[in-house]
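Below you'll find the structure, written out as C-alpha cells, and then a few comments.
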Amino acid sequence: MSVSSSTETGAGRSGAAPGPAARLWRRDLPHYPETGRRYACLAIVVVTTIVLYYLLYIQYAVATSIMSHYGMSFGFFILLSVVGNAIGAFASLLAGLADRWGRANLVVYGLLVAGLLVLGLPHAPDKTTFLVLFAVLSFIEGIVLVATPALIRDFSPQLGRATAMGFWTMGPVLGSLVVTTVTSATLDTSGWQDELRFAGFAALAVFVVALFGLRELSPALRDQIMVSMRDRALIEARAKGIDPDRQASGHWRQMMRPDVVGSAFAISVYLLLYYAAVGNFVIYFSATFGYSEQRTNGLANWYWAANAVALVVAGLLSDRLGVRKPLMLVGGIGSVAATAYFAQLAVHPDTGYYTFAWLFIAIGVFGGLAYAPWMASFTETVERHNPAATATGLAVWGWILRIVVACSAAFVPMVVTSVTPLVEHGHEVQVASEQAAPALAVVNAHPQLFAELGRYPEGSVPPELQVRAAKEVGLPGLAAVQKAQPQLKVLKEHGAEVKKASQEGPGQWRTWWYVCLGGQIVFLPFIFVMTGRWSPRRAREDAEAHRRAIDKELAALARD
C-alpha cells in the first residue's frame, strides 16, 4: 500500500511527541479515534464543506450586482463558471496526491486560502482580476472537494458509510440554504461586497476550529478496509506490520477502471438538473413564469430542504439495510419521472406555484435517495481495487464532475439562446416599456405619421410635416413621445430580440431539461457495475461472515 507508517512521520522519527506548533501540521492519529473524537472530526469536515459551498454560491446570489459593478456581460459571467470549474477539475486531479500528502492539511489550509480570497474579491479593481481570483478560489475548492469525502471515508466504516456520506452531501444543499438565508436577511441593508465579506469571515471562523480540531488517520490505518468498528483492534494490529513501500505506485492505473470512471461520469450527468437549479433557476422562472428573485429562491428552498432531509434519511436507510443499489435505482427512476414532468411544464406558463413546490419536493427526495448511497458505494468500489488509492479514486470523480459542470455552464447559453438577450436587456426593455407606455400608445395610433417623422434627424423635420403631426396627434401627444425618446430608443434597439427570446425561451428550456433527463437515464445502467449487494439478506450474510473472519483473526493474534 502507498503508506508511510505513523512511526516514520513527524515527531515519530525522533521518538518525541510533537510540540504545539508541530501539531498544526502533523495531524496523523496513530490509533483509530474513540467515537466522540471521530464524530467531532466528521462534523468539522461537514461544516467545512458547507462553508466552502457558501463561498462559491454567494457569487451567484449577487450576480446582477457584480455584473453591474464591473460592467460584465452575461457571457463574461458565464465564463467565470466555465473557467472556474475547468480549473477546479484539474485541481481535483492534483488532490489525488492527498494519498501521499494526507488530507487534513489540504482541508484546513485550503479553507484559510479560500476565505482570504473571498475577502479579497470585493477589492478586485476590474472584471479580469475578479475572474483570476475566482479561478484561484475554484482551484482550492477542487482540491478540498476530493480531500473532504476522503476524510469522511476514513472516519466511517462501511456499515455506517452511507449515513456519513449523506451528511457530507448536504454540503452543497446547506450551502445554498445559507446563501439564500443570509442574503434575504441582509441585502436590504448590505451591498454585494458585504455579502462576500460575510462568507469570508464565516470561512475564517470555521478555519480556526479546523486548525485545532481536525485530525486524520495515519496512512497505515486509513489504507485498510474497515467494515465495522469491530475491525478496529485488527486494523491497528495490521498497521504495525505494513510495509511503507508496498504498492507505492500505480494508483492512477488502478483507478482507470470502467466501474470507477463510468460511475463517476454517470453521477456527474445525473446531477445536471442540480447544477441548473443552482445557476439557472432564477433566470428560468423569471423569464418563463415572471417570478421575482425572492419568489424563485423561496420556491427553490422546497428543493433544498427536501433534498437535505432525504440525503440523511437515505444514508440511514442504506446502512440499516446494508445495501446501496436498490436505493440508487429507486431514486434514479423516480428522478427520471419527476424531471420528465418538470420539462413539460416549461411550455405551460399557467402552472401554479405549489405544483412546482410539490414537484421540487419529489425531485429533492429522489435525488437524495440516489446520491447518498452512491457516494458510499463509490468509495467502496474504489476500496475494492485498492483502499490506499481512495483519494486518487475521488480525484477521478472530482475531475469528471467539474468537467461536466464546466461543459453544462458553457452549453446552456448555446441551447437556450434566449438567455443572453433576456439577461442583458430583458429588465431594461421591461422598464422602458412601462415608462414609455403612454408614448407607445400615441405612436401605435399613428404608425405611418411617426414612420415619416423617423426619417428625419431631430431638428430637421419639414415644417409642413410638423404642422400635420400637431394637427393629427396634438401637442401633448407629441410632447409625450419626445419625452420618451430614450425609452423608445431602447425598445427600438432591443425590443424585438427580447420579444423573440421571450417567445422561444420556454421551448428552449424544455430542450435543456430533456438534456438533464438524458443524464439521469445514463446514470441507471452504471448502478449495476458498482460494488455491493442487491439483497439485504445477502448483505447480512456477508456482514456475518466478515464478523466471523475478524473474530478468527483476533483470536489468532491473541494466541500469538
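We did not get these values from a lab; they are worked out from the coordinates using the rules stated. Remember, it's a predicted structure, so these values are computed and weren't measured experimentally. For neighbour counting, all protein chains shown are included, and Cβ atoms are generated from backbone atoms with ideal geometry for every residue, glycine included.
Points to keep in mind about this one:
- Filtered GluC sites (Glu not before Pro), region 448-528: DSSP coil and at most 14 other beta carbons within 10 Å: E458
- Annotation: amide H of L217 within the under-5 Å range of L29, sequence separation 5 or more or interchain, hydrogens built in the peptide plane.
- Solvent-free Debye scattering, log10 I(q)/I(0), computed from the Cα coordinates of region 287-381 at q = 0.20 Å⁻¹: -0.91
- Lysines with Cα under 16 Å of K499, excluding same-chain neighbours fewer than 8 positions away: K489
- Whole-Å distance, taken between Cα centres, linking region 145-201 and region 371-419: 18 Å
- Counting only lysines at least 8 places from K552 when in the same chain, those with an alpha carbon closer than 29 Å to its own are K240.
- Taking every full run of DSSP H in the chain, the ones that stretch at least 27 Å from end to end by Cα along their long axis and average -1.0 or higher on the Kyte-Doolittle scale are 35-61, 74-94, 127-154, 192-213, 293-321, 325-344, 353-385, 390-415, 496-526.
- For region 324-363 and region 464-483, distance of Cα centres in Å: 55 Å
- Scattering curve values for region 39-137, log₁₀ I(q)/I(0), Debye with Cα scatterers, q = 0.16, 0.17, 0.21 Å⁻¹: -0.75, -0.83, -1.15
- Using the Cα coordinates of region 441-560, the gyration tensor eigenvalues translate into equivalent-ellipsoid semi-axes of 83, 16, 11 Å, sorted from longest to shortest.
- Diffusion coefficient, µm² s⁻¹, Stokes-Einstein with Kirkwood Rh over alpha-carbon pairs of the chain at 10 °C and 1.306 mPa s: 61 µm²/s
- Helix-derived mean residue ellipticity, 222 nm - over the chain, DSSP H n ≥ 4, -39500 (n - 2.57), to 500: -24000 deg cm²/dmol
- Translational diffusion coefficient (Stokes-Einstein; Kirkwood radius from C-alpha pairs) of region 252-331 at 10 °C, 1.306 mPa s, in µm²/s: 104 µm²/s
- Against the empirical 2.2 N^0.38 Å (N residues), region 136-220 has a Cα radius of gyration ratio of 1.34.
- Filtered chymotrypsin sites (Phe, Trp or Tyr not before Pro), region 486-541: DSSP coil and at most 16 other beta carbons within 10 Å: W534
- Restriction of the chymotrypsin sites (Phe, Trp or Tyr not before Pro) in region 24-69 to DSSP coil positions whose beta-carbon has at most 16 other beta-carbons within 10 angstrom yields W25.
- Exposed trypsin sites (Lys or Arg not before Pro) absent: longest stretch of the chain, with sites in DSSP loops and at most 15 other Cβ within 10 Å deemed exposed: 1-239
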